[in-house]
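All of the numbers you see were taken from the coordinates with simple rules; none came from a lab. Fair warning: this is a prediction, and the values are worked out from it, not measured in the lab. Because the Cβ atoms are built from the backbone with ideal geometry, glycine has one as well, and the counts that use them run over all protein chains shown.
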Amino acid sequence: MRIRLVATTAVAAGALTALTAVPAQAAEYDSALKIRGIQYNAPGTDSNRCSTGNTDEEYLTIKNYSRSTTVNLKGYVVKDAAGNKFTFTANHTLQPGDYVKLRGGNGSDSDAGNVVYRDNCNFMWNNDRDTIYVYKPSGSRADVHSYTASGSDSDGNGYITYHG
Ligand SMILES: [Ca+2]
Ligand SMILES: [Ca+2]
């Protein structure tokens with residue numbers, strides 16, 4: 001985040017410290033689970049054929065950033081800008097530092113393998129721009145990030161890192 005100081009002479013040392021301490025993400029939520037990153041554009045030519053397509057190469061990674069709390073994904077909801085929605089319906093525990101890849105397509109969900117499939121062969125995340133919403137089972141928001149391919153993916157590999 002670039003901060004442009006206009007009236008440099010008027011800025012006291014204390015104010016400058018406060019400015020530089022402001023995090024790049026303006027709105028952060030009190031949530032253990034946040035978005036680690038997203039492969040919004042699956043490598044190769046997109047094909048949503050269930051048998052031979054590459055929807056499973058499009059994935060969202062959600063990580064537990066808490067140092068002490070284990071979280072069950074059951075009841076968590078992911079939405080895109082258009083309102084397409086996926087609900088984690090099965091128990092899947094994320095220990096501190098643990099993560100899950102929510103992949104498109106069909107496959108075997110695995111807690112040990114850190115993967116859940118959307119069981120839908122259509123792509124969810126737009127290749128040009130979209131917004132990723134994560135909601136707690138209570139309905140309150142856990143995390144949200146918007147992206148554009150031109151502005152958020154500088155190396156153009158279809159992957160964007162958020163909380164890392
Ligand atoms: Ca996509
Ligand atoms: Ca990238």
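Count the net charge of all other residues whose Cβ sits under 12 Å from the Cβ of Lys85, scoring Lys and Arg as +1 and Asp and Glu as -1. Spell out each step's value before the answer.
Values: positive: Lys79, Arg118; negative: Asp80.
Taking every other residue near Lys85 into account, the sum is +1.
For region 24-161, averaging the sequence separation of C-alpha pairs within contact (under 8 Å, six or more residues apart) and dividing by the residue count gives a relative contact order of 28 percent. Computed from phi, the 3J(HN,Hα) profile of region 129-145 under the Karplus parametrisation 6.51, -1.76, 1.60 (θ = phi - 60°) reads 6, 6, 10, 9, 10, 10, 10, 6, x, 6, x, 6, 7, 8, 6, 8, 8 Hz, with x in place of Gly and Pro. One Cα centroid belongs to region 42-112, the other to region 119-164; the line between them spans 12 Å.
How do 57-67, 81-91, 136-146 rank on mean C-beta neighbours within 10 Å, highest first? Spell out each step's value before the answer.
Working: 57-67: 20.5, 81-91: 12.8, 136-146: 14.9.
For the peptides 57-67, 81-91, 136-146, the packing ranking is 57-67, 136-146, 81-91.
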